[in-house]
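Step one of this worksheet: look at the structure below.
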Amino acid sequence: MSSLTGKIAIVTGGAGGIGSATARLLAERGAAVAVADVNADAAAQVADAIKANGGKALALRLDLAEEESIAAMIRDTVAAFGGLDILDNNAAALTAELSARDGNIEEMATEVWDTTYRVNIRGTMLACKFALPELRKRGGGSIVNTASNLALQGNLIQAAYSSSKAAVIQLTRAIATSHGRYGIRCNTVSPGMTMSRALVEHLPARLRQIVESETLTPYLGDPIDIAYVVAFLASDEARYINGHNLVADGGTAYHIPGYAALRDFFGQGDNP
(Lines give C-alpha, C1' and ligand atoms only; values in the text may rest on other atoms or scores of the structure.)
Protein backbone atom coordinates (compact mmCIF):
# COMPACT_ATOMS: atom_id res chain seq x y z
CA MET A 1 0.00 0.00 0.00
CA SER A 2 1.32 3.45 -0.97
CA SER A 3 1.87 5.53 2.17
CA LEU A 4 1.19 9.26 1.96
CA THR A 5 1.79 10.07 5.60
CA GLY A 6 2.68 13.73 6.07
CA LYS A 7 1.79 14.70 2.49
CA ILE A 8 -0.51 17.59 1.58
CA ALA A 9 -2.81 17.07 -1.39
CA ILE A 10 -5.43 18.85 -3.47
CA VAL A 11 -8.11 16.94 -5.36
CA THR A 12 -10.07 19.02 -7.86
CA GLY A 13 -13.54 17.81 -8.64
CA GLY A 14 -13.26 16.26 -5.20
CA ALA A 15 -17.00 15.98 -4.66
CA GLY A 16 -17.62 13.79 -7.72
CA GLY A 17 -17.44 10.04 -8.06
CA ILE A 18 -13.74 9.60 -8.87
CA GLY A 19 -12.77 12.76 -7.00
CA SER A 20 -14.45 11.85 -3.74
CA ALA A 21 -13.08 8.30 -3.87
CA THR A 22 -9.60 9.72 -4.46
CA ALA A 23 -9.83 12.32 -1.69
CA ARG A 24 -10.96 9.68 0.81
CA LEU A 25 -8.24 7.25 -0.23
CA LEU A 26 -5.45 9.83 -0.05
CA ALA A 27 -6.66 10.78 3.43
CA GLU A 28 -6.83 7.14 4.52
CA ARG A 29 -3.20 6.78 3.46
CA GLY A 30 -2.11 9.71 5.59
CA ALA A 31 -2.41 12.84 3.46
CA ALA A 32 -4.08 16.09 4.47
CA VAL A 33 -6.53 16.73 1.63
CA ALA A 34 -8.11 19.87 0.19
CA VAL A 35 -11.36 18.85 -1.48
CA ALA A 36 -11.98 21.43 -4.22
CA ASP A 37 -15.18 21.47 -6.24
CA VAL A 38 -17.58 23.88 -7.93
CA ASN A 39 -20.23 22.40 -5.62
CA ALA A 40 -19.09 23.79 -2.27
CA ASP A 41 -21.73 21.95 -0.23
CA ALA A 42 -20.81 18.59 -1.74
CA ALA A 43 -17.11 19.31 -1.17
CA ALA A 44 -17.87 20.07 2.49
CA GLN A 45 -19.68 16.75 2.84
CA VAL A 46 -16.64 14.86 1.54
CA ALA A 47 -14.28 16.81 3.78
CA ASP A 48 -16.52 16.25 6.80
CA ALA A 49 -16.60 12.50 6.10
CA ILE A 50 -12.80 12.44 5.96
CA LYS A 51 -12.53 14.29 9.26
CA ALA A 52 -15.11 12.04 10.86
CA ASN A 53 -12.89 9.12 9.90
CA GLY A 54 -9.91 10.70 11.64
CA GLY A 55 -8.32 12.39 8.63
CA LYS A 56 -7.39 15.97 7.82
CA ALA A 57 -9.43 17.75 5.17
CA LEU A 58 -10.44 21.17 3.91
CA ALA A 59 -13.36 21.99 1.63
CA LEU A 60 -12.83 24.66 -1.04
CA ARG A 61 -15.09 26.02 -3.75
CA LEU A 62 -13.32 25.90 -7.12
CA ASP A 63 -14.39 27.29 -10.48
CA LEU A 64 -11.88 26.01 -13.02
CA ALA A 65 -13.09 28.56 -15.55
CA GLU A 66 -11.81 31.40 -13.33
CA GLU A 67 -8.08 32.01 -12.85
CA GLU A 68 -8.42 33.72 -9.48
CA SER A 69 -10.47 30.82 -8.11
CA ILE A 70 -7.68 28.43 -9.06
CA ALA A 71 -4.98 30.64 -7.53
CA ALA A 72 -7.05 30.96 -4.34
CA MET A 73 -7.32 27.16 -4.11
CA ILE A 74 -3.53 26.85 -3.97
CA ARG A 75 -3.15 29.76 -1.53
CA ASP A 76 -5.85 28.50 0.82
CA THR A 77 -4.45 24.97 0.87
CA VAL A 78 -0.94 26.19 1.68
CA ALA A 79 -2.29 28.53 4.36
CA ALA A 80 -4.29 25.75 5.99
CA PHE A 81 -1.78 22.90 5.84
CA GLY A 82 1.61 24.56 5.40
CA GLY A 83 2.53 23.50 1.87
CA LEU A 84 1.65 21.29 -1.06
CA ASP A 85 3.00 17.91 -2.20
CA ILE A 86 0.30 16.45 -4.46
CA LEU A 87 -2.05 17.99 -7.01
CA ASP A 88 -4.69 15.74 -8.50
CA ASN A 89 -6.29 17.58 -11.44
CA ASN A 90 -9.46 15.50 -11.65
CA ALA A 91 -12.16 18.10 -12.40
CA ALA A 92 -13.53 18.48 -15.92
CA ALA A 93 -16.33 20.08 -17.88
CA LEU A 94 -18.59 17.05 -18.12
CA THR A 95 -22.09 18.13 -17.22
CA ALA A 96 -24.99 16.28 -18.83
CA GLU A 97 -26.04 19.45 -20.67
CA LEU A 98 -22.58 20.10 -22.10
CA SER A 99 -21.99 16.46 -23.03
CA ALA A 100 -25.30 16.35 -24.89
CA ARG A 101 -24.11 19.23 -27.08
CA ASP A 102 -20.61 17.84 -27.63
CA GLY A 103 -21.16 16.01 -30.89
CA ASN A 104 -19.22 16.06 -34.12
CA ILE A 105 -17.47 19.21 -35.29
CA GLU A 106 -19.94 20.01 -38.07
CA GLU A 107 -22.82 20.26 -35.60
CA MET A 108 -21.07 21.67 -32.53
CA ALA A 109 -21.70 25.17 -31.19
CA THR A 110 -18.46 27.11 -30.73
CA GLU A 111 -19.36 27.85 -27.10
CA VAL A 112 -19.32 24.12 -26.33
CA TRP A 113 -15.76 23.86 -27.64
CA ASP A 114 -14.65 27.01 -25.80
CA THR A 115 -16.22 26.01 -22.47
CA THR A 116 -14.73 22.54 -22.64
CA TYR A 117 -11.24 23.81 -23.40
CA ARG A 118 -11.45 26.63 -20.85
CA VAL A 119 -12.08 24.15 -18.05
CA ASN A 120 -10.32 20.97 -19.16
CA ILE A 121 -7.03 22.27 -20.48
CA ARG A 122 -6.77 25.94 -19.48
CA GLY A 123 -8.01 25.18 -15.96
CA THR A 124 -5.66 22.22 -15.60
CA MET A 125 -2.74 24.30 -16.89
CA LEU A 126 -3.46 27.10 -14.41
CA ALA A 127 -3.73 24.68 -11.49
CA CYS A 128 -0.30 23.34 -12.44
CA LYS A 129 1.07 26.86 -12.93
CA PHE A 130 0.11 27.97 -9.42
CA ALA A 131 1.00 24.65 -7.79
CA LEU A 132 4.51 24.29 -9.25
CA PRO A 133 6.19 26.99 -7.11
CA GLU A 134 4.72 25.40 -3.96
CA LEU A 135 5.91 21.94 -4.98
CA ARG A 136 9.39 23.33 -5.58
CA LYS A 137 9.43 24.81 -2.07
CA ARG A 138 8.89 21.28 -0.72
CA GLY A 139 11.75 19.88 -2.77
CA GLY A 140 9.44 18.26 -5.30
CA GLY A 141 6.08 16.56 -5.50
CA SER A 142 3.58 14.86 -7.74
CA ILE A 143 0.97 16.15 -10.17
CA VAL A 144 -1.57 13.65 -11.47
CA ASN A 145 -3.71 14.92 -14.35
CA THR A 146 -6.86 13.12 -15.43
CA ALA A 147 -7.33 12.58 -19.17
CA SER A 148 -9.47 9.82 -20.72
CA ASN A 149 -9.12 6.78 -22.90
CA LEU A 150 -11.17 8.82 -25.40
CA ALA A 151 -8.06 10.98 -25.83
CA LEU A 152 -6.31 8.02 -27.45
CA GLN A 153 -8.79 7.07 -30.16
CA GLY A 154 -11.47 8.51 -32.40
CA ASN A 155 -15.01 8.72 -31.09
CA LEU A 156 -18.37 9.34 -32.73
CA ILE A 157 -19.25 11.96 -30.11
CA GLN A 158 -17.49 14.24 -27.60
CA ALA A 159 -15.04 15.75 -30.07
CA ALA A 160 -14.34 18.69 -27.75
CA TYR A 161 -13.96 16.59 -24.61
CA SER A 162 -11.73 13.93 -26.16
CA SER A 163 -9.44 16.41 -27.92
CA SER A 164 -9.12 18.56 -24.78
CA LYS A 165 -8.07 15.47 -22.85
CA ALA A 166 -5.46 14.68 -25.48
CA ALA A 167 -4.09 18.15 -24.80
CA VAL A 168 -3.93 17.29 -21.09
CA ILE A 169 -1.65 14.34 -21.91
CA GLN A 170 0.70 16.60 -23.84
CA LEU A 171 0.62 19.22 -21.07
CA THR A 172 1.67 16.47 -18.67
CA ARG A 173 4.69 15.61 -20.81
CA ALA A 174 5.69 19.27 -21.05
CA ILE A 175 5.61 19.75 -17.28
CA ALA A 176 7.48 16.50 -16.64
CA THR A 177 10.16 17.66 -19.06
CA SER A 178 10.50 21.18 -17.69
CA HIS A 179 10.26 20.37 -13.97
CA GLY A 180 11.54 16.83 -13.52
CA ARG A 181 14.95 18.11 -12.42
CA TYR A 182 13.25 19.92 -9.54
CA GLY A 183 11.94 16.63 -8.18
CA ILE A 184 8.47 17.20 -9.61
CA ARG A 185 6.73 14.32 -11.34
CA CYS A 186 3.75 14.92 -13.62
CA ASN A 187 1.76 11.93 -14.87
CA THR A 188 -1.65 11.29 -16.35
CA VAL A 189 -4.31 8.71 -15.63
CA SER A 190 -6.72 7.99 -18.50
CA PRO A 191 -9.86 6.27 -17.20
CA GLY A 192 -12.36 4.41 -19.28
CA MET A 193 -16.06 4.48 -18.45
CA THR A 194 -16.18 4.56 -14.66
CA MET A 195 -19.41 3.76 -12.89
CA SER A 196 -19.93 6.64 -10.53
CA ARG A 197 -23.31 6.85 -8.84
CA ALA A 198 -24.50 9.53 -11.27
CA LEU A 199 -23.50 7.42 -14.27
CA VAL A 200 -25.14 4.31 -12.85
CA GLU A 201 -28.38 6.27 -12.45
CA HIS A 202 -28.42 7.89 -15.90
CA LEU A 203 -26.51 5.66 -18.33
CA PRO A 204 -28.88 4.07 -20.87
CA ALA A 205 -28.92 0.29 -20.48
CA ARG A 206 -28.19 -0.31 -24.18
CA LEU A 207 -25.13 1.97 -24.12
CA ARG A 208 -23.83 0.24 -21.02
CA GLN A 209 -24.19 -3.13 -22.75
CA ILE A 210 -22.18 -1.88 -25.75
CA VAL A 211 -19.35 -0.55 -23.59
CA GLU A 212 -19.31 -3.70 -21.44
CA SER A 213 -19.02 -5.83 -24.58
CA GLU A 214 -15.85 -3.93 -25.58
CA THR A 215 -14.22 -3.95 -22.13
CA LEU A 216 -11.76 -6.78 -21.63
CA THR A 217 -12.42 -7.13 -17.90
CA PRO A 218 -15.72 -8.75 -16.88
CA TYR A 219 -16.87 -5.49 -15.25
CA LEU A 220 -16.75 -1.74 -15.76
CA GLY A 221 -14.54 0.38 -13.54
CA ASP A 222 -15.51 1.77 -10.16
CA PRO A 223 -14.27 5.18 -8.91
CA ILE A 224 -12.02 3.44 -6.39
CA ASP A 225 -10.19 1.73 -9.28
CA ILE A 226 -9.06 5.14 -10.53
CA ALA A 227 -8.37 6.38 -7.00
CA TYR A 228 -5.91 3.51 -6.49
CA VAL A 229 -4.01 4.59 -9.61
CA VAL A 230 -3.87 8.22 -8.47
CA ALA A 231 -2.67 7.21 -5.00
CA PHE A 232 0.12 5.13 -6.54
CA LEU A 233 1.26 7.85 -8.94
CA ALA A 234 1.17 10.38 -6.09
CA SER A 235 3.33 8.22 -3.84
CA ASP A 236 7.07 7.71 -3.57
CA GLU A 237 6.56 4.18 -4.89
CA ALA A 238 6.14 5.82 -8.31
CA ARG A 239 9.21 8.03 -7.91
CA TYR A 240 10.76 6.83 -11.19
CA ILE A 241 7.62 7.39 -13.27
CA ASN A 242 7.41 10.78 -14.94
CA GLY A 243 5.58 12.03 -18.03
CA HIS A 244 3.60 8.80 -18.28
CA ASN A 245 -0.02 8.28 -19.30
CA LEU A 246 -1.43 5.32 -17.38
CA VAL A 247 -4.59 3.98 -19.00
CA ALA A 248 -7.08 2.44 -16.57
CA ASP A 249 -9.99 1.31 -18.72
CA GLY A 250 -10.19 -2.45 -18.42
CA GLY A 251 -8.26 -2.85 -21.67
CA THR A 252 -10.79 -1.06 -23.88
CA ALA A 253 -8.20 1.14 -25.63
CA TYR A 254 -5.84 -1.72 -26.44
CA HIS A 255 -7.77 -3.98 -28.75
CA ILE A 256 -9.67 -3.61 -32.00
CA PRO A 257 -13.24 -2.87 -30.88
CA GLY A 258 -16.43 -3.67 -32.67
CA TYR A 259 -17.99 -0.27 -32.10
CA ALA A 260 -20.21 -0.36 -35.17
CA ALA A 261 -23.19 -0.77 -32.84
CA LEU A 262 -22.54 2.71 -31.47
CA ARG A 263 -23.44 4.23 -34.83
CA ASP A 264 -26.93 2.81 -34.50
CA PHE A 265 -27.20 3.92 -30.89
CA PHE A 266 -26.36 7.52 -31.77
CA GLY A 267 -28.45 7.51 -34.94
CA GLN A 268 -25.53 7.51 -37.35
CA GLY A 269 -26.04 4.09 -38.84
CA ASP A 270 -26.03 5.35 -42.44
CA ASN A 271 -22.74 7.26 -42.13
CA PRO A 272 -19.58 5.72 -43.62
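The values are calculated or read from the model by the stated rules, or taken from the named source; none is laboratory data. Note that the structure is predicted; figures quoted are calculated from it, not measured. Backbone-built Cβ (ideal geometry, glycine too); neighbour counts: all protein chains shown. Just so you know, the surface numbers come from the protein's heavy atoms only, side chains and all, with ligands and any DNA or RNA stripped out. Shrake-Rupley method; radii C 1.70, N 1.55, O 1.52, S 1.80 Å.
First obtain the Kirkwood hydrodynamic radius of the chain from its Cα pairs, then insert it into the Stokes-Einstein equation at 20 °C and 1.002 mPa s, and state the resulting D in µm² per second as a whole number.
In µm²/s, the coefficient rounds to 114.
Taking only the Cα atoms of region 171-243, how large is their convex hull per residue, in Å³?
Expressed per residue, the convex hull around the Cα atoms of region 171-243 is 115 Å³.
Subtract the Cα-Cα distance of Arg118 and Thr5 from 0.36 nm times their separation in residues, and report this length gain in nm to one decimal.
Difference between extended and current length: 37.3 nm.
Under unit Cβ charges (Lys, Arg +1; Asp, Glu -1), what dipole magnitude, rounded to 20 debye, does region 1-143 have relative to its Cα centre?
Value, rounded to 20: 900 debye.
Could you state the number of Å between the C-alpha centres of region 183-197 and region 1-56?
With region 1-56 and region 183-197 each reduced to a Cα centre, they are spaced 16 Å.
Give me the compactness ratio for region 107-177, meaning the Cα radius of gyration over 2.2 N^0.38 Å.
Region 107-177 yields a ratio of 1.25.
Taking N as the number of residues in region 18-70, what is its alpha-carbon radius of gyration divided by 2.2 N^0.38 Å?
The reported ratio for this selection is 1.09.
Calculated from DSSP H runs of 4 or more alone, at -39500 (n - 2.57) each and per residue, what is the 222 nm mean residue ellipticity of the chain, nearest 500?
-13500 deg cm²/dmol
Take every Cα-Cα distance within region 127-222, group them into 5 Å bins from 0 onward, and report for each bin the whole-number percent of pairs it holds.
For region 127-222, the binned pair fractions read 2, 12, 18, 17, 16, 11, 10, 8, 4, 1, 0 percent.
Could you tell me the relative contact order of region 113-260? Use alpha-carbon pairs under 8 Å, at least six residues apart, and round to a whole percent.
29 percent
If you put +1 on each Lys and Arg Cβ and -1 on each Asp and Glu Cβ, how big is the dipole of the chain around its Cα centre, in Debye rounded to 20?
1060 debye
Just tell me which lysines come within less than 24 Å, Cα to Cα, of Lys137; anything on the same chain fewer than 8 places away is out.
The reachable lysines, counting only those whose Cα sits under 24 Å from Lys137, are Lys7, Lys56, Lys129.
Farthest toward the dipole's positive end in the chain, which of Ala205, Leu98, Phe130, given Cβ charges of +1 (Lys, Arg) and -1 (Asp, Glu) about the Cα centre?
The residue sitting farthest along the positive end of the dipole is Phe130.
Suppose a student asked you for the relative contact order of region 27-173, using Cα pairs under 8 Å spaced at least 6 residues apart; what percent would you report?
Relative contact order comes out at 23 percent.
What's the magnitude of the charge dipole for region 138-238 around its Cα centre, counting Lys and Arg as +1 and Asp and Glu as -1 at the beta-carbon? Answer in Debye, nearest 20.
It works out to roughly 380 debye.
Once you list every other residue whose beta carbon is under 15 Å from the beta carbon of Ala93, what net charge do they have if Lys and Arg are +1 and Asp and Glu are -1?
That works out to -3.
Of Leu135, Leu58, which has the most accessible area and how do the rest follow, probe 1.4 Å?
Result, largest first: Leu58, Leu135.
Can you work out the FRET efficiency for the pair Thr177 and Tyr254, with r the C-beta to C-beta distance and R0 = 22 Å, to the nearest 0.05?
After rounding, the FRET efficiency stands at 0.30.
Between Arg136 and Gln153, with labels modelled 7 Å along Cα→Cβ, what's the label distance in nm to one decimal, could you check?
4.0 nm
Take every DSSP beta bridge with both residues inside the chain and express the antiparallel ones as a percent of the total, to the nearest 5.
Given both bridge residues lie in the chain, the antiparallel proportion sits at roughly 0 percent.
Applying 1/(1 + (r/R0)^6) with R0 = 25 Å to the Cβ-Cβ distance of Glu107 and Glu66, what FRET efficiency is obtained, to the nearest 0.05?
About 0.30, to the nearest 0.05.
Using modelled backbone amide H atoms (1.01 Å from N, in-plane), which distant-in-sequence or interchain residues come within less than 5 Å of Asn245's amide H?
Here Thr188 satisfy the definition.
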